[in-house]
Structure formats: C-alpha cells, structure tokens
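Just so you know, all these numbers are worked out from the coordinates, no wet-lab data involved. Just so it is clear, the structure is predicted and the values come from calculations on it, not from any experiment. Here Cβ is always computed from backbone atoms with ideal geometry, including for glycine, and neighbour counts include all displayed protein chains.
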Amino acid sequence: MSWPDGSDGDLIIKAGTTRQVASGIVGNFKSIVIEAGGVLEIGPGSGWTVLGCSGDSQIDGQIRACTGERAGTFEYTAPDAYVL
C-alpha cells in the first residue's frame, strides 16, 4: 500500500475558522482544503509535522507554526511553483 492513502479523511478548514493540531503529527488525508480566511495552526512544539494528501489540495488560507513562545506565518514555494 502506498502512502498517503487518505485514511484520515478530508481536512477541510472553512473561512473564519481555525483548526489546531499538535506539532509532530503525521496526517494522512484524502484531501486538504483551507479556504481563504481559514487557518491551520500547528504546535507549539519542535516535532516535524507532515501533512500527506492522496488527492487534491487547495490552500487559500494560512498555515501557522507555533514554536514555544514564538508564532509566525511562513511562506514556502513548492517545487511545482505553488506558494505554500
């Protein structure tokens, strides 16, 4: 069986909502949708957080990482030139 297989279902974060996940999780999602105005907040902690997605992903909102007392919004460009 290949990974990710989507066994955690869909991760959908609607506009105006925030979903918090612990640092260090390994998510195995079928799809990931973060609507504009939605926020996925990771942490605090120091563990690597992996968000696997077997289907489509659409990230129009924010992904925030919190480490200790510091929090920030980070922007990365994926190899296919999509800004994450």
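Using θ = phi - 60° in the Karplus curve 6.51 cos²θ - 1.76 cosθ + 1.60, the 3J(HN,Hα) couplings for segment 44-56 round to x, x, 10, x, 5, 10, 10, 10, x, 9, 7, x, 7 Hz; x is entered for Gly and Pro.
Its Cα centre serving as origin, segment 1-65 has a Cβ charge dipole (Lys and Arg +1, Asp and Glu -1) of approximately 160 debye. Within the shell of other residues whose beta carbon sits under 13 angstrom from the beta carbon of A36, the net charge comes to -1, with Lys and Arg scored +1 and Asp and Glu -1. For I12, the residues whose amide H sits under 5 Å from its own are V33, ignoring neighbours fewer than 5 places away on the same chain, with H placed 1.01 Å from N.
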